[in-house]
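To keep things clear, I will list the structure first and then write my remarks on it.
We did not get these values from a lab; they are worked out from the coordinates using the rules stated. Since the model is a prediction, treat every value here as computed from it, not as a measurement. Cβ coordinates were reconstructed from backbone atoms using ideal geometry, including for glycine residues, and neighbour counts include every protein chain displayed.
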Amino acid sequence: MRSPHKHHIIPVYRCKELGIDPDFDENYVMVERLDHARIHWGYKCDDLEPLFEYVTPEQWIIDLIPRGDNRDVGAAVLTAKGELDEIDMSGENNPMWKGGITYDTRAYQQTPERKAYHKEYDKKRNATPERKAYKKVHEQTPKYKAHKKVYDAERYARKKAEAQGVGTLEGFLE
């Protein structure tokens, strides 16, 4: 038999928003782990049936249960541990979804504007006397020298191949 989970009927994040201590007696129900995930997914999808399979809370508690909040998607995913196919984090179900787009931080970091910003930032950061002193000491370590030797050899080979019109040496190094 599976062990039941302690589930807050009103999610902790919602209680904190309302200034309520989430650990009051009426806010607990013992549920199995996958049903716990289904309850959170139900909150996201405005479906309280998974909760009502265990308990029918008083109306004032039902009124405080958030519906349609993407934070419940994350709770459902973590609790389900990938065992429920009906939980979908794509598109607008993604907790990072904001007003029609998902903020993909990796894509944002690859934009020309962001790269230019980082180049300028690194230039300023590396120009400080403290950073220059650190680099001077760091570049004398055996570990750095070994890494730099390998890097320079690979870069030289790549540049030589590009200059000859071949492109890269990947086909020859396999």
- Note on the structure: Once LYS136 and VAL12 are pulled to full extension, the length gained, defined as 0.36 nm per residue separation minus their Cα-Cα distance, is 39.6 nm
- Message: List the aspartates and glutamates whose Cα sits under 15 Å from the Cα of LYS16, skipping any in the same chain fewer than 8 residues away.
- Response: ASP69, ASP72
- Item | Segment LYS124-GLN164, length gained on full extension (0.36 nm per residue, minus Cα span) | 10.8 nm
- Is there a pair in LYS98/LYS123; LYS119/LYS149; LYS98/LYS124 whose C-alpha atoms are over 30 Å apart, and which pairs would that be? LYS98/LYS123; LYS98/LYS124
- Query: Can you list the HN-Hα couplings for the range 51-58, worked out from phi with the Karplus curve (6.51, -1.76, 1.60; θ = phi - 60°), rounded to whole Hz and with x for Gly and Pro?
  - Reply: 5, 5, 5, 9, 7, 10, x, 4
- Cut-off under 5 Å, modelled amide H: who pairs with HIS5 long-range: VAL31, GLU32, ARG33
- Message: Can you compute the helix-only [θ] at 222 nm over the chain? Use -39500 (n - 2.57) per DSSP H run of at least 4 residues, normalise by all residues, nearest 500 deg cm²/dmol.
- Response: -15500 deg cm²/dmol
- Message: With a cap of 12 neighbouring Cβ atoms within 10 Å, and only residues DSSP puts in a loop, list the trypsin sites (Lys or Arg not before Pro) found in the range 1-60.
- Response: ARG2
- Collect residues whose amide H, placed 1.01 Å from N in the peptide plane, falls under 5 Å from the amide H of TYR28; neighbours closer than 5 in sequence don't count. ILE9
- Task: In whole Hz, with x marking every Gly and Pro, tabulate ³J(HN,Hα) for the range 62-70 from phi via Karplus 6.51 cos²θ - 1.76 cosθ + 1.60, θ = phi - 60°.
- Result: 4, 5, 8, 6, x, 10, x, 8, 5
